[in-house]
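The structure under discussion appears below in the form of structure tokens.
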Amino acid sequence: MGQKVNPTAFRTGIMEDWKSRWYAGKKEFSTLLVEDKKIRDYIKKAKDADDRPLYPQIAKIEIERTRDEVRVTLKTSRVGVVVGNNGKKAEELQNKLQVMTGRRINLDVQGVDNPETSAQLVAEDIGDQLVKRAGFRRTMKKAMENAMNAGAKGIKIQLSGRLGGAEMARREKQQDGSIPLSTLRAKVDYGFSEAKIAQGHIGIQVWINQGEYNSEDDNNGQNAETRKTSKNPKRAYKR
């Protein structure tokens, strides 16, 4: 079971929050769902004149809807590139999304503190290096070393496709440290990317164990010493 659990889906609604936060009736639900997909696809796939990503290194896109506006939060390791000079690129993106959806967009760009332990950013970085014809084993080993040196408790990388230009597709997997996929308290980040090389597409999956989620129960040991432990039981997770 543990090898088949998607850590993000498994923890959503318990330890992780939803990436899209809004409520709609039956008539509007499908329309808003497709609208969310269009927003995410445009941000991830937009290219400049040199065929480079307009908004690179996007770790997560969160969408929250209110009655008056749509709040789009971008979490990236390259805030300056996404925002642009004096915020021009962010303003252009906001205007394009407003034209696309016909709604008022409130764009918020946030930085990622530790990109080496963000699974999505690690997967995209591996994909960029494979496109530049770097050796896949060396690329995987370097990414794992960087993640462990940055404080990760464990990392697993799996590549699928015609690795090294081989005629037959295969899978290659490397792991370092612990990846407890079925432990809800473990903060396991998951990322997926594709490298489009001359021989075909290579799928890249990355799991990174970032430790444990912060909980109200973390201070129970100190409270017990000072005799301040609450008598009422506390949940270790959110519903």
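The values are calculated or read from the model by the stated rules, or taken from the named source; none is laboratory data. Just so we're clear, the structure is a prediction, and the values are computed from it rather than from any experiment. No Cβ is skipped: glycine too gets one built from the backbone with ideal geometry, and neighbour counts run over all protein chains shown.
Some points to look at:
- When Ala147 is tested against (1) more than 20 Å from Thr8 (Cβ to Cβ); (2) surrounded by 15 or more Cβ atoms within 10 Å (Cβ to Cβ); (3) under 20 Å from the mean Cα position of the chain (by Cα), exactly one condition is not met: (1).
- Selection from region 3-49 of residues that are loosely packed, with under 10 Cβ neighbours inside 10 Å and small (Gly, Ala, Ser): Gly25, Ala49
- Residues of region 159-175 classified as part of a strand (DSSP E or B) and either polar (S, T, N, Q) or surrounded by fewer than 16 Cβ atoms within 10 Å (Cβ to Cβ) (or both), total: 7
- Scope region 135-156; condition closer than 19 Å to Gly200 by Cβ and not small (Gly, Ala, Ser); matching residues: Phe136, Arg137, Thr139, Met140
- When Trp22, Trp18 are checked against the criterion of being within 16 Å of the chain's Cα centre (by Cα) and of a type in the set (Phe, Trp, Tyr), a single residue qualifies: Trp18.
- When residues of region 50-80 are limited to those that are surrounded by 15 or more Cβ atoms within 10 Å (Cβ to Cβ) and of a type in the set (Val, Ile, Thr), the one farthest from Gln120 (Cα to Cα): Val70
- Number of positions in region 5-35 that are under 13 Å from Tyr190 (Cβ atoms) and in a helix (DSSP H, G or I): 5
- Scan of region 90-125 for residues that are under 27 Å from Met148 (Cα atoms) and assigned to a helix (DSSP H, G or I), ordered by number: Pro115, Glu116, Thr117, Ala119, Gln120, Leu121, Val122, Ala123, Glu124, Asp125
- Of the residues making up region 196-219, not a single one is aromatic (Phe, Trp, Tyr), modelled with pLDDT of 90 or more and surrounded by fewer than 17 Cβ atoms within 10 Å (Cβ to Cβ).
- Set Arg103, Arg133: member being modelled with pLDDT of 90 or more and surrounded by fewer than 13 Cβ atoms within 10 Å (Cβ to Cβ): Arg133
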